[in-house]
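Laboratory data are not the source of any read-out in this text; all were calculated from the coordinates shown. The structure presented is a predicted model; accordingly, all values stated were derived computationally and were not measured. Because the Cβ atoms are built from the backbone with ideal geometry, glycine has one as well, and the counts that use them run over all protein chains shown.
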Ligand SMILES: [Zn+2]
């Protein structure tokens, strides 16, 4: 699976990348949902570059743990 195929698994919308806030509004996907103490739900969004970094880390972690790697689920599970 190449980079474009992995990126296609996510839904993209303009937003601010959590790792590159200085870049302003770019194409981003939700990679994590956090539940702040005051209630509600906040989305952590990442740009294309960061999503690929996260997916690469997940793949490496899955390989190390001997677990199957399934792209497209950043933030849903530890691996
Ligand atoms: Zn980024």
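Among 28, 49, sorting on how many other beta-carbon atoms sit within 10 Å of each Cβ, with the fewest leading, yields 49, 28. Could you give log10 I(q)/I(0) at q = 0.15, 0.19 Å⁻¹ for the chain, computed by the Debye formula over C-alpha point scatterers of equal weight, without solvent? With one equal scatterer per Cα and no solvent, log10 I(q)/I(0) is -0.54, -0.82.
Based on Cα contacts under 8 Å between residues 6+ apart, the chain shows a relative contact order of 27 percent.
Here 51, 34, 16 are placed in order of increasing Cβ neighbour count within 10 Å, fewest first, which gives 34, 16, 51. Our helix-only sum for the chain, with -39,500 (n - 2.57) per DSSP H run of n ≥ 4 divided by its residues, gives a mean residue ellipticity at 222 nm of -9000 deg cm²/dmol. Between helix 48-65 and the chain there is an angle of about 40 degrees, using the helix long axis and the longest principal axis of the Cα atoms. Ordering 56, 45, 37 from the fewest to the most neighbouring beta carbons within 10 Å gives 37, 56, 45.
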